[in-house]
Amino acid sequence: MGLFDGLKKRSLFEKGKRVGNEGDHEGGLNYYNQVLELDPEDVDAIFNKGCAFINLNRQEEALECFEKVFVNKSGYANVWLFKVLF
């Protein structure tokens, strides 16, 4: 991934967080999906996508995201919390 893609990825991720924090969880999903098009293994985007799914009452999809994070980065502390809750 080049420098431009890295900056674009970070910008998209931050936009996803911002709109999600404003209550637009579908919009957040859109941004996280764009991040994942650039970097399918971005655990932060996968995790935040899972959180957006929770806010949309889409628990099965959330769990799929958390499982991906767990497999890719088992030390990711927040995933353990969500694995316990679901």
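The set of residues from the stretch 1-36 being under 19 Å from ILE54 (Cα atoms) and either at pLDDT below 95 or of a type in the set (Lys, Arg) (or both) comprises LYS15, LYS17, ARG18. Among what's in the stretch 18-52 and is of a type in the set (Asp, Glu) and part of a helix (DSSP H, G or I), pick the residue that is surrounded by the most Cβ atoms within 10 Å (Cβ to Cβ). Per the stated criteria, the residue is ASP44. Scanning the stretch 42-61 for residues that are in contact with a helix residue (DSSP H, G or I) (Cβ under 6 Å, 6 or more places away or on another chain) and of a type in the set (Asp, Glu), we see that the one that is farthest from SER11 (Cα to Cα) is GLU61.
For the stretch 1-17, residues that are more than 13 Å from the chain's Cα centre (by Cα) and either of a type outside the set (Asp, Glu) or surrounded by 15 or more Cβ atoms within 10 Å (Cβ to Cβ) (or both) total 8. Residue pairs whose Cβ atoms lie under 6 Å apart, separated by 6 or more positions or on different chains, with the first residue in the stretch 46-59 and over 12 Å from VAL35 (Cβ atoms) and the second charged (D, E, K, R) and surrounded by fewer than 22 Cβ atoms within 10 Å (Cβ to Cβ), are PHE53/GLU61. Applying the criterion of being among the hydrophobic types (A, V, I, L, M, F, W, C) and at pLDDT below 95 to the residues of the stretch 47-59, the residue that is farthest from GLY16 (Cα to Cα) is ILE54.
The values are calculated or read from the model by the stated rules, or taken from the named source; none is laboratory data. These numbers were taken from a predicted model, which means no experiment stands behind them. With ideal geometry, Cβ positions are generated from the backbone for all residues, glycine too; neighbour counts draw on all protein chains shown.
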